[in-house]
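To keep things clear, I will list the structure first and then write my remarks on it.
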Amino acid sequence: MKIRFSIAVLLSTFLSFNAFSAELLISEQYVRETIPGTEISSAYMTITNRSAKMVKLTTVTSSVSERIEMHEHVMTADMMKMQQVESIIINAGDNVVLQPHGYHIMVFNLQQPLKADTEISMTLHFDNQPSMKIKVPVQGLNKPEKRHQH
Ligand SMILES: [Cu+2]
């Protein structure tokens, strides 16, 4: 079952969700289903920079919210807290993984709750690359985090 599920995820990733330009590849993107009673969510993805120049992700926009920020988790004294970042840098030939407890995209003031098994659009804006509009599947709250499956 698990294997079949992984293949299905992989196929759907390649068939419909992968987004790429000559220089950039966005993969493994998902956004979390909204916790009932809240108006926030967070999104994760891998951004691969295939160009020969450093690329900066400068803003993320979506029709689901007018307030979307990029965040990181930092360790202060003995506490983990998150803070906003101005941009996320992806070095030439490298990739950056946005994931729980690391860089993430924070969506505030959702007009409507995000429901599992639907998808939203997000547009990623870069300093020196064309913007990319991507489809982001909504992952249910009960599903284990993809990255920690074995
Ligand atoms: Cu955050």
Legend entry - Residue list for the stretch 125-144, restricted to those being open to solvent by 30 Å² or more (accessible area, probe 1.4 Å) and over 19 Å from Pro36 (Cα atoms): His125, Asp127, Asn128, Pro130, Ser131, Lys133, Lys135
Inset, instruction - Can you confirm whether the stretch 58-65 contains a residue that is at pLDDT 95 or above, over 20 Å from Lys133 (Cα atoms) and open to solvent by 20 Å² or more (accessible area, probe 1.4 Å)? - result: no
Legend entry - Which listed residue, of Glu23, Glu28, is of a type in the set (D, E, K, R), touching a strand residue (DSSP E or B) at 6+ places or on another chain (Cβ under 8 Å) and at pLDDT below 95: Glu23
Legend entry - Qualifying strands (runs of 3 or more DSSP E) (wholly inside the stretch 68-124; at least 1 residues being within 15 Å of the ligand (Cβ to nearest atom) and open to solvent by 60 Å² or more (accessible area, probe 1.4 Å)): 79-84
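The values are calculated or read from the model by the stated rules, or taken from the named source; none is laboratory data. Just so it is clear, the model here is predicted, and its values are computed rather than measured. FYI the Cβ positions are ideal-geometry reconstructions off the backbone, even for glycines, and counts take in every protein chain you see. Side chains are part of the model used for accessible areas, which takes the heavy atoms of the whole protein and leaves out ligands, DNA and RNA. Shrake-Rupley method; radii C 1.70, N 1.55, O 1.52, S 1.80 Å.
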